[in-house]
2 protein chains.
Amino acid sequence: MTTASTGGPRWLTDEEQSVWRAYLHATTLMEDHLDRQLQRDAGMPHIYYGLLVHLSRAPRRRKRMTELAKDAKITRSRLSHAVARLEKNGWVRREDCPSDKRGQNAVLTDEGYAMLARSAPGHVEAVRQAMFARLTPEQVRHLGEIMQVIAAGLQPEDTDADLPWLR
Amino acid sequence: MTTASTGGPRWLTDEEQSVWRAYLHATTLMEDHLDRQLQRDAGMPHIYYGLLVHLSRAPRRRKRMTELAKDAKITRSRLSHAVARLEKNGWVRREDCPSDKRGQNAVLTDEGYAMLARSAPGHVEAVRQAMFARLTPEQVRHLGEIMQVIAAGLQPEDTDADLPWLR
DNA sequence: TGTATCTAGTTCAACTTTCAAGAAAAGGTC
DNA sequence: GACCTTTTCTTGAAAGTTGAACTAGATACA
């Protein structure tokens with residue numbers, strides 16, 4: 001039942017509710033699926049794998065902790081723990097930042113890179129099967145646009161340029 | 001760069017990669033956003049809130065543990081811990097299942113229901129602002145269809161009816 | 001210089017999730 | 001009934017996450 005605007009709380013329409021449920025359902029299953037796949041084939045959860053991917057793309061395969069945390073959308077605290085674990089695995093190592101003595105670079109080791117090279121094909125295949133193999137090209141395009149819009153709305157603005165009180 | 005079919009591992013096209021990144025980005029931000037919103041306004045993470053919602057919709061506001069776990073797409077173990085926590089809050093209580101002495105029902109208490117009634121409007125508003133307020137009606141429809149397809153592909157088939165070796 | 005403030009990263013404790021193991025009841029088969 | 005298997009749910013330990021507190025170094029400014 002769709003509530004007309006009576007002054008009470010605004011609920012979602014039937015369609016919105018159904019879309020929201022589908023969204024939660026699909027995203028939960030996807031995350032579980034990939035976590036399991038990577039835990040099995042690469043010995044780490046999805047987010048840790050993502051950290052290695054980020055590092056592999058960075059110049060000289062290294063990145064400042066804070067920047068990496070920002071890229072991966074996790075807190076610095078969580079990153080500290082994660083890097084500690086990945087270091088224990090030998091896939092990442094920390095190195096002092098030469099220009100800022102507070103800073104640390106997380107560096108993808110050769111072993112880390114090799115692990116990534118080994119597990120990437122399987123992971124990509126899992127992603128393809130779970131998502132792209134099932135959608136039409138149009139749906140893929142739509143999904144991209146929709147996700148861009150949602151992310152933009154939730155993204156904390158990191159540029160102060162357009163904050164009125166700083167104009 | 002899009003790899004042609006050379007026999008090596010099949011990568012994603014540029015567009016697929018970009019859509020995949022957008023998907024990960026948006027879903028991560030959304031989950032964080034809602035977790036924070038509910039932790040702040042209802043004192044529990046999103047998934048726990050979801051459990052209360054499920055119970056509130058169930059007949060007599062109660063449900064067998066296994067069934068609840070299935071609905072919420074979490075393991076029974078996780079549910080056991082979660083219900084223990086919610087029980088401590090006074091929002092849920094366990095009750096023996098009369099027909100099966102192994103069974104337990106999770107029951108939404110009046111306090112739990114009140115808590116839900118109190119926090120639901122804010123949560124719905126958060127969902128609306130994060131998603132539906134930013135999408136066109138067409139995008140909402142597309143998103144629903146896309147999520148249905150993805151969920152269907154990942155959903156473990158619980159009917160054995162069509163397994164070939166049981167035919 | 002001195003001092004106040006900010007930033008980078010870590011650490012701790014509390015909480016949540018996972019995985020493997022286990023207790024208890026139910027269901028099947030002889 | 002006895003026996004074996006399956007289902008239901010819980011438990012405990014290990015792993016991961018969170019948010020607040022903390023250290024050390026950078027930055028700003030008088």
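Using a cut-off of 14 Å between beta-carbons, work out the net charge of the residues near B:Glu111 (Lys and Arg +1, Asp and Glu -1, B:Glu111 not included).
Summing Lys/Arg as +1 and Asp/Glu as -1 gives +2.
Compute the helix-to-body angle for B:137-154: its Cα long axis versus the longest principal axis of chain B, expressed 0 to 90° and rounded to tens.
Long axis of B:137-154 versus the principal axis of chain B: about 80 degrees.
On the full set of protein chains, 1.4 Å probe, figure out the accessible area of A:Ile150 and give it in Å² to the nearest 10.
0
Quick one: which of A:133-140, A:97-104, A:14-21 comes out on top by average Cβ neighbours within 10 Å, and what's the full order, highest first?
For the peptides A:133-140, A:97-104, A:14-21, the packing ranking is A:14-21, A:133-140, A:97-104.
What does the charge count near A:Ile146 come to, summing +1 for each Lys or Arg and -1 for each Asp or Glu among other residues with Cβ under 13 Å from its Cβ?
Taking every other residue near A:Ile146 into account, the sum is -1.
Dipole magnitude of the protein assembly as shown about its Cα centre, charges +1 at Lys/Arg Cβ and -1 at Asp/Glu Cβ only, in debye to the nearest 20?
1080
What average count of beta carbons from other chains do you get within 10 Å of the Cβ of residues in A:130-136?
That works out to 5 on average.
Between copies, how far apart are the B:Glu87 label points? List them in nm, one decimal, shortest first, with each point 7 Å from Cα toward Cβ, please?
For B:Glu87, the inter-copy label distances come out at 4.1 nm.
Can you give me the relative contact order of chain B as a percent, contacts being Cα pairs under 8 Å and 6 or more apart?
16
Using the alpha-carbon atoms, what tilt in degrees (0 to 90, nearest 10) does helix A:110-127 show relative to the longest principal axis of chain A?
Here the helix axis deviates by roughly 20 degrees.
Compute the helix-to-body angle for A:46-57: its Cα long axis versus the longest principal axis of chain A, expressed 0 to 90° and rounded to tens.
60
Treating the beta-carbon of each Lys and Arg as +1 and of each Asp and Glu as -1, no other charges, what is the dipole magnitude of chain B about its Cα centre, to the nearest 20 debye?
Dipole about the Cα centre, nearest 20: 720 debye.
Quote the charge dipole size of region B:33-78 about the Cα centre in Debye, to the nearest 20; the model charges only the Cβ of Lys and Arg (+1) and of Asp and Glu (-1).
Details: 12 positive and 4 negative charges, 57 e Å.
Value, rounded to 20: 280 debye.
Per DSSP H run of n ≥ 4, the term is -39500 (n - 2.57); total these for chain A, divide by its residue number, and report the mean residue ellipticity at 222 nm rounded to 500 deg cm²/dmol.
Values: 6 runs with 98 residues, N = 167.
Helices in chain A give a 222 nm mean residue ellipticity of -19500 deg cm²/dmol.
What's the local net charge at A:Val19, with K and R +1, D and E -1, over the other residues with C-beta under 14 Å away?
Net charge in that neighbourhood comes out at -1.
Which aspartates and glutamates, on any chain, are close to A:Lys101 with Cα under 17 Å apart, when same-chain ones fewer than 8 places away are left out?
A:Glu67
State the answer as a single residue: which of B:Met131, A:Val149, A:Gln37 lies farthest towards the positive end of the charge dipole of the protein assembly as shown, with beta carbon charges of +1 for Lys and Arg and -1 for Asp and Glu, about the Cα centre.
A:Gln37
Pull up all non-local amide H partners of B:Gly103: gap of 5 or more, or a different chain, and H-to-H distance under 5 Å with H placed in the peptide plane.
B:Cys97
Going toward the positive end of the dipole of region B:45-124, with +1 on Lys and Arg Cβ and -1 on Asp and Glu Cβ, which of B:Ser80, B:Gly122, B:Val92 do you reach last?
Result: B:Ser80.
Ignoring everything but the protein chains, give the 1.4 Å probe accessible area of A:Tyr113 in square angstrom, nearest 10.
For A:Tyr113, the solvent-accessible surface is approximately 90 Å².
Threshold 40 Å², probe 1.4 Å: give the residues of region A:58-78, in number order, that are less accessible with all protein chains present than with their chain alone.
Residues shielded by partner chains are A:Lys73.
If amide H atoms are built 1.01 Å from N in the plane of the peptide, which residues on other chains or at least 5 residues away come under 5 Å of the amide H of B:Val92?
Residues meeting the criterion, in which the H sits 1.01 Å from N, are B:Glu87, B:Thr109.
What fraction of the Cα pairs in chain A, stated in percent, has a spacing above 27 angstrom?
Tail fraction, whole percent: 45.
The values are calculated or read from the model by the stated rules, or taken from the named source; none is laboratory data. The structure displayed is predicted, hence computed values, not measured ones. Cβ sites come from the backbone with ideal geometry, for glycine too, and all protein chains shown count toward neighbours. Each accessible area value is taken on the protein alone, full model and side chains, heavy atoms only, with ligands, DNA and RNA left out. Shrake-Rupley method; radii C 1.70, N 1.55, O 1.52, S 1.80 Å.
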